[in-house]
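> This is the structure I have questions about; it appears just below.
The values are calculated or read from the model by the stated rules, or taken from the named source; none is laboratory data. Here the structure is a predicted model, which means the values were calculated and not measured. With ideal geometry, Cβ positions are generated from the backbone for all residues, glycine too; neighbour counts draw on all protein chains shown. We work out accessible area using only protein heavy atoms, side chains counted, and drop any ligands, DNA or RNA first. Shrake-Rupley method; radii C 1.70, N 1.55, O 1.52, S 1.80 Å.
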Amino acid sequence: MSTRYDWTIEELKELYAMPLLKLIAKANLLHNQLHEPAEVQVCSLISIKTGGCPEDCKYCAQSSRYQTSVSVQPMMQYEAVLNEAKKAAERGATRVCLGAAWREVRDSKQFEEVLQMVKGITDLGVEVCCTLGRLKERQAERLKEAGLYAYNHNLDSSERFYKTIITTRTYQDRLNTLDIVEKANLSVCCGGILGMGEDPIDRLELLLMLCRRNPHPESVPINRLSPIPGTPLEDQPKVSIWEMIRVIAVARIVLPEAMVRLSAGRIEMSYEQQALCFLAGANSIFAGEKLLTVANTPIDRDEEMFQLLGLKKRSAFAKGCLK
Ligand code: SAM
Ligand code: DTB
Ligand code: SF4
C-alpha cells in the first residue's frame, strides 16, 4: 500500500465509526505488515527547564498563568541531564526527549547548553528529541548539527478547538514551526491530546492535518489529558479508553509508517487496556517515574507488562517501519 496524502474527513469519520473490533483488525493488519508488532519503543522525558511558561495552554501545569503545584525551576545542569539520560538508556529507553517550558528558543547561553546536552546524549547512542517551543531556521539547523534526531511540536487538536485552549499563539504559528523543523531535516514529532472537551471531529481534523502533510510526521504522540489542579481543565472528565483506542487505530491507518506513541495518561491504564492500544497500532511508550511534571506508570509495572505481553524494546535509529 502506498502512503496517501489525500485522505478526506469523510473517510476518517467512517473509520472512526466502524465497529470497534473491525477497526482494530484493520489497523492491526497494517501494523503487522509495516511494523514489528512485538516491538515497542521506550522513550524517556527529561524536563530540563520546568515551569514559568508565558503561554496559556489550558492543560499545562507549567503555564505561569495558572496556580499549579509546579514551581519555576532553574535550567538543569549538563551533568544531571546526562545522568538521567544514561539511567533511562540503561533501562532500555532508545529515545530521550528534552522538554523546556519556553514560548520559543532564544539565542542564549541556555540554548548553547541545550546543544551540548543534545551532543552528549546522542553520543550515548540514543535518539534525542527536543520540545522547546517555537524556533527559527538557524536554531533548527544548529540543533541538527549538534546531532538532534527529532523535534516535538504538537498541534494538539483541530484548528477550531485549539483557539479555545490556547490564545497566546495560533495554529498557523505551530504549522510554521513544523515547516522549519522539516526544512532542517529533523524528524517531526507531532500529535495531540484527547479529553480537553473536544468533539470526536476535532480529533479527526487533527489526524487529517497530520496525514495531509507530505512527508507524514514520523512520530505521533497521543496524550490523554492529565487534569492538572489549578488549570482551567482541572475538572475535565476522563476520556474513555474506547475513544483512545479508536484514535490510535485511525492514526495507524492514515499514518501507516509513523511511530504512534501512547503518551500521557498511561498511568491509569491497565495492562489489558494498553495491550488493546498496541493491537490498534501504538508502538511506543514514555517510561520513567515522571513525564515532564506528572507521575507516570512505575518502572517495575512497565517491566512486568513487557514480560507479560512478550514485548521487545525497539532499538534506536531503527527504520520507522519494515517496508
Ligand atoms: N513547550 C513545548 C510546546 O508547547 O511545544 C513543549 C512542552 S508540552 C508539555 C508538550 C506536549 O505535552 C503538549 O503539546 C501536550 O500535547 C502535552 N501535554 C502537556 N500537558 C499535558 C497534560 N496535562 N496532559 C496531557 N498532555 C499534556
Ligand atoms: C507529548 O506529546 N507528550 C509528552 C511529550 N510529547 C513531550 C509530554 C507529556 C506531558 C504530560 C504532562 C506533564 O508531565 O506535565
Ligand atoms: Fe508552555 Fe508548552 Fe506548557 Fe504550553 S504546553 S504552557 S507552551 S510548556
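> Over segment 180-279, with the other protein chains present, what is the accessible area per residue in square angstrom, probe 1.4 angstrom?
Ligands and nucleic acids excluded, the figure is 33 Å² per residue.
> Note down the net charge around E268, summing +1 for each Lys or Arg and -1 for each Asp or Glu among other residues with Cβ under 10 Å from its Cβ.
Local charge sum for E268: +3.
> Collect residues whose amide H, placed 1.01 Å from N in the peptide plane, falls under 5 Å from the amide H of M259; neighbours closer than 5 in sequence don't count.
Those qualifying (amide H under 5 Å, at least 5 residues apart or on another chain) are S219, V220.
> Hey, what number do you get for the chain at 222 nm if only DSSP H runs of n ≥ 4 count, each worth -39500 (n - 2.57), divided across all residues, to the nearest 500?
Dividing the helical sum by the residues of the chain leaves -12000 deg cm²/dmol.
> Oh, and also: Counting other Cβ atoms within 10 Å of each Cβ, which chymotrypsin sites (Phe, Trp or Tyr not before Pro) in segment 264-323 have at most 15 and sit in a DSSP loop?
Sites meeting the loop and neighbour criteria: F317.
> Roughly how much of I228 is accessible, in Å² to the nearest 10, using a 1.4 Å probe?
Number for this one is 20 Å².
> Tell me which residues come under 5 Å, amide H to amide H, from G191 once H is placed; ignore anything under 5 positions away on its chain.
Those lying under 5 Å, H to H, from G191 are H153, N154, L155, D156.
> Going by a ≥ b ≥ c, the root eigenvalues of the Cα gyration tensor, does segment 189-253 fall in the rounded group (a/c under 1.5), the prolate group (a/b larger than b/c) or the oblate group? It would help to have the intermediate numbers written out before the result.
Details: a/c = 2.31, a/b = 1.84, b/c = 1.26.
Cα axes put segment 189-253 in the prolate bin.
> Continuing with the same structure: Report, in whole Å, the centroid distance computed from the Cα atoms of segment 217-290 and segment 149-167.
Segment 217-290 and segment 149-167 have Cα centres separated by 16 Å.
> Across segment 293-304, in residue order, what do the Karplus-derived ³J(HN,Hα) couplings come to in whole Hz, using 6.51 cos²θ - 1.76 cosθ + 1.60 with θ = phi - 60° and x for Gly and Pro?
3J(HN,Hα) across segment 293-304, in whole Hz: 10, 9, 5, 10, 3, x, 4, 5, 5, 5, 4, 5.
> A further question follows. Would you please put 202-210, 27-35, 255-263 in order of how densely packed they are, using the mean number of other Cβ atoms within 10 angstrom per residue and starting with the highest?
On the way: 202-210: 22.8, 27-35: 18.8, 255-263: 24.8.
The peptides rank, most packed first, as 255-263, 202-210, 27-35.
> Going down the table (K86/K144; K58/K163; K49/K109), which pairs top 19 Å between alpha carbons?
Among K86/K144; K58/K163; K49/K109, the Cα-Cα distance tops 19 Å for K86/K144.
> Mean projection of the alpha-carbon convex hull of segment 34-159 over all orientations, in nm²?
9.6 nm²
> Let me ask you something else. P232: net charge of surrounding residues, Cβ under 11 Å, Lys/Arg +1, Asp/Glu -1, itself excluded?
Working: positive: K58, R65; negative: D56, E234, D235.
Local net charge: -1.
> Report, to two decimal places, the Cα Rg of the chain normalised by 2.2 N^0.38 Å (N = number of residues). List each step's numbers first, then the result.
Details: Rg = 18.3 Å, N = 323, 2.2 N^0.38 = 19.8 Å.
Rg over 2.2 N^0.38 Å, computed on Cα atoms: 0.92.
> Heavy atoms only, probe 1.4 angstrom, no DNA, RNA or ligands counted: give me E127, E289, E303, E218 ranked by accessible area, highest first.
On the way: E127 5, E289 135, E303 75, E218 100 Å².
Final ranking, largest accessible area leading: E289, E218, E303, E127.
> Return the sequence-ordered ³J(HN,Hα) values of segment 37-43 in whole Hz as given by the Karplus equation 6.51 cos²θ - 1.76 cosθ + 1.60 applied to θ = phi - 60°, using x for Gly and Pro.
With the stated coefficients, segment 37-43 comes to x, 8, 10, 10, 7, 9, 10 Hz.
> Points 7 angstrom from Cα along the Cβ direction at A295 and E159: gap in nanometres?
It works out to 4.1 nm between the two label points.
> Output needed for segment 183-323: three equivalent-ellipsoid semi-axes, defined as square roots of 5 times the C-alpha gyration tensor eigenvalues, in descending order, whole Å.
For segment 183-323, the semi-axes come out at 22, 21, 15 Å.
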